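The values are calculated or read from the model by the stated rules, or taken from the named source; none is laboratory data. Computed from a predicted structure; not experimentally measured. Quick reminder, even Gly has a Cβ in these numbers, built from the backbone with ideal geometry, and neighbours come from all protein chains shown.
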Amino acid sequence: MLRTSVLILASLILLAACQAPAAPPTVSPPQPPTTTPSPPVIETSTPAVSTPPVIEINSGEIQGTIENGLHVLRGIPYAAAPVGDLRWQVPQPAPAWDGVRQVTAFGKSCIQPNTMTIAGSEPVPQSEDCLFVNVWSPNVEPDAKLPVMVWIHGGALVIGTSSLPIYDGSALAERGAVVVSLNYRLGPLGFFNHPALNKGNPDGPVNFGLYDQIAALNWVKENIAQFGGDPDNVTIFGESAGAQSVLALFASPLARGLFHKGVAQSSYSIPGHTRSDAEKVAAAVATAVGLDGANATLEELRAVPAEKFASMNGKATSLTPVFVTGDPAVPQPILNAFQNGTEAAVPLIIGSNSDEATVATAFGIDPTKLIDKLGLASIAVKALYPGVTDDGTLGRYVIRDLIFTSFARRMSELHSRTAPAGQYYFSYVPENLRDTEPGVPHGGEIPFVFGTGDIEYKDQFTDADRAISKAVGDYWFEFARSGTPTAEGQPDWLQTSRANDQTMEFGETIALQKNFMRTRLDVYIGLLNIVGRLLGRE
């Protein structure tokens, strides 16, 4: 009875998520104010400098700024603008330039729906010419050999940008990392499989946004030493679709050797699309921009103004929030790669938050209605959550645990057979929000990782909040530096495995939990493969 009930509920949730609107209104964290306060001062051995040095990279010379003793370079092109004949092609090298290029301002964000930008903010400036990286470094001496941390933003693969102030890399750089953030193509311009593209190359690229990320990692490998970074010590980390990107890069043969550790923050168990699915969506996109659907030519598609693709807002024209399986970058389902042990054999940290259902409600999924659909079978589901009597709360817990918590456990256990794996659960709610927030929302851990809580929460961030943020940032930095996440005065973060289930909980205190939520997560993990087969996807 319990197995059947949870299977029904799992199918309902995954079907709803896979058929969600093109872009949820608040997938990414809220846009902070435009004025960014100085990050907390963390002592470093960086020598004082006043004039930004000129740095030579493979495309030419660049000059950024000096901010609070850090070298900050924004809007560096890592690939050619994907416009004209380069639209829906794998990224090409950035053209060289003469003279010194000033890189003091963020590049424009990739094309996305203006109405779907971060809640409460003005639409971000955007362009099809958007393939830029940003760098924060405490020391740009080529022999500094500092650990490198490459951030991949979230946003369901349809919205988002690297220029949000909560992604400011200063606090991590002050610890001693070279921090890189990047933009990548989104929506139909980033993930597209139209028949016109398949002519003569039926197994060609589809996940162009992921190819962009791979190109950015190649740029890091070739250039990061000029910023003081060690190209042989690169950690990729990302949240939501950025975390899904981390797992895709682990699984991708094209990214092998480009990174050496990874952190996946709030990745999810929604199955990927098939090429056939993507082809139908691409035909619908062509129709939506005024062309003859599947019969549109590549020339016609490339002549459509990029802004028209920003208006896509319906499930028929969206591949959100997952990748397409079957191109050279994602040749097999991500889960299959981990099940087969063919993913990159490098350390991985993966985890989720205590109120991840916030993203499901943004997709239009009503937790109460999901429980209602079970009818009498909901009694069996409630057995997994003793003491929870409210259907809305129960629905939120089930969404959280089925889509996020169990997926983190599942992937960490699978990866532990190949390489070291660590697992976390983030439940720390800022002190001043505990009466109003039921838990940590999707993306709520980001300001703690980056040390930007005073930006995100303005005057509400307390000393206790800052102490937790410092510990989280220390764990992430030390993992990037050495592969072993540690923080002074905090518990050791042990590896996890099926035989030794260890979860680091970031709550009001930080504690290593053994067999965390074990019973219910075992139920969900046992059913996820069945659900994947029911949906025709793994």
Checked Thr436, Thr418, Thr405 against criteria (under 26 Å from the mean Cα position of the chain (by Cα) and surrounded by fewer than 19 Cβ atoms within 10 Å (Cβ to Cβ)); the one match is Thr418
The lone condition Ala383 fails out of (1) under 22 Å from the mean Cα position of the chain (by Cα); (2) of a type in the set (A, V, I, L, M, F, W, C); (3) farther than 30 Å from Val83 by Cβ is (1)
Evaluate the following for Ala241: is it under 20 Å from Ser412 (Cα atoms) and touching a Pro at 6+ places or on another chain (Cβ under 9 Å)?
yes
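When the residues of the stretch 49-59 are narrowed to those that are part of a loop (DSSP other than H, G, I, E, B) and touching a residue at least 60 places away in the same chain (Cβ under 8 Å), which ends up surrounded by the most Cβ atoms within 10 Å (Cβ to Cβ)?
Among those residues, the one meeting the criterion is Pro53.
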Within the stretch 229-247, restricting to residues that are part of a strand (DSSP E or B) and of a type in the set (S, T, N, Q), the one that is nearest to Glu56 (Cα to Cα) is Asn233
Of the residues in the stretch 253-276 that are assigned to a helix (DSSP H, G or I) and among the aliphatic types (A, V, I, L, M), the one that is surrounded by the fewest Cβ atoms within 10 Å (Cβ to Cβ) is Leu254
Just one listed residue, out of Thr509, Thr486, is more than 25 Å from the chain's Cα centre (by Cα) and surrounded by fewer than 21 Cβ atoms within 10 Å (Cβ to Cβ), and it is Thr509
Those residues of the stretch 84-101 which are part of a loop (DSSP other than H, G, I, E, B) and loosely packed, with under 13 Cβ neighbours inside 10 Å amount to Pro95, Ala96, Trp97, Asp98, Gly99
The one condition Ala216 fails out of (1) in contact with a Ser or Thr (Cβ under 8 Å, 6 or more places away or on another chain); (2) crowded, with 24+ Cβ neighbours inside 10 Å is (1)
Of (1) surrounded by 24 or more Cβ atoms within 10 Å (Cβ to Cβ); (2) within 23 Å of Thr519 (Cα to Cα); (3) under 23 Å from the mean Cα position of the chain (by Cα), Gly443 satisfies every one except (2)
Selection over the stretch 235-280 where residues are in contact (Cβ under 8 Å) with a residue 60 or more places away in the chain and either within 22 Å of Ser482 (Cα to Cα) or hydroxyl-bearing (Ser, Thr, Tyr) (or both) yields a count of 27
Scanning the stretch 283-305 residue by residue, those touching a Leu at 6+ places or on another chain (Cβ under 8 Å) and crowded, with 24+ Cβ neighbours inside 10 Å turn out to be Ala286
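Looking at Leu414, Leu384, Leu402, can you tell me which residue is among the hydrophobic types (A, V, I, L, M, F, W, C) and farther than 23 Å from Gln265 by Cβ?
Leu384
Do you know which of the residues in the stretch 306-331 that are surrounded by fewer than 17 Cβ atoms within 10 Å (Cβ to Cβ) and of a type outside the set (A, V, I, L, M, F, W, C) is nearest to Pro113 (Cα to Cα)? Give the steps one after another, and end with the answer.
Step one: filter the stretch 306-331 for residues surrounded by fewer than 17 Cβ atoms within 10 Å (Cβ to Cβ), giving 307-308, 311, 313-316, 328, 331.
Next, only the ones that are of a type outside the set (A, V, I, L, M, F, W, C) stay: 307-308, 311, 313-315, 328, 331.
On the way: Glu307: 9, Lys308: 9, Ser311: 6, Asn313: 8, Gly314: 11, Lys315: 14, Pro328: 28, Pro331: 29 Å.
Looking at residues that are surrounded by fewer than 17 Cβ atoms within 10 Å (Cβ to Cβ) and of a type outside the set (A, V, I, L, M, F, W, C), I get Ser311.
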| said: Regarding the stretch 212-222, can at least one residue be identified that is at pLDDT 95 or above, closer than 30 Å to Pro53 by Cα and part of a loop (DSSP other than H, G, I, E, B)? | reply: no
Asn201 vs (1) of a type outside the set (D, E, K, R); (2) part of a helix (DSSP H, G or I); (3) out of contact with any helix residue (DSSP H, G or I) (no Cβ under 9 Å at 6 or more places or on another chain): all pass except (2)
Among helices (runs of 4 or more DSSP H) entirely within the stretch 345-400, at least 2 residues that are more than 30 Å from Val472 (Cβ to Cβ) and not β-branched (Val, Ile, Thr) occur in 367-374, 378-382
Residues of the stretch 439-456 being out of contact with any helix residue (DSSP H, G or I) (no Cβ under 7 Å at 6 or more places or on another chain) and over 16 Å from Ser427 (Cα atoms), in sequence order, are Asp454
Among (1) part of a loop (DSSP other than H, G, I, E, B); (2) under 28 Å from Thr358 (Cβ atoms); (3) modelled with pLDDT of 95 or more; (4) not charged (D, E, K, R), Phe250 falls short only on (1)
Within the stretch 60-81, of all residues that are outside any strand (DSSP E or B) and under 22 Å from the mean Cα position of the chain (by Cα), the one farthest from Phe192 (Cα to Cα) is Tyr78
Taking the stretch 154-171 and keeping residues among the hydrophobic types (A, V, I, L, M, F, W, C) and farther than 18 Å from Gly444 by Cβ leaves Leu157, Val158
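Being in contact with a Gly (Cβ under 8 Å, 6 or more places away or on another chain), in contact (Cβ under 8 Å) with a residue 12 or more places away in the chain and aromatic (Phe, Trp, Tyr) narrows it down to one residue among Tyr475, Tyr428; which is it?
Only one candidate qualifies: Tyr428.
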Over the stretch 325-340, the set of residues closer than 19 Å to Ser412 by Cα and among the small types (Gly, Ala, Ser) is Ala337
Q.
Any residue that is in contact with a His (Cβ under 9 Å, 6 or more places away or on another chain) and not acidic (Asp, Glu) - is there at least one of those in the stretch 521-538?
A. yes
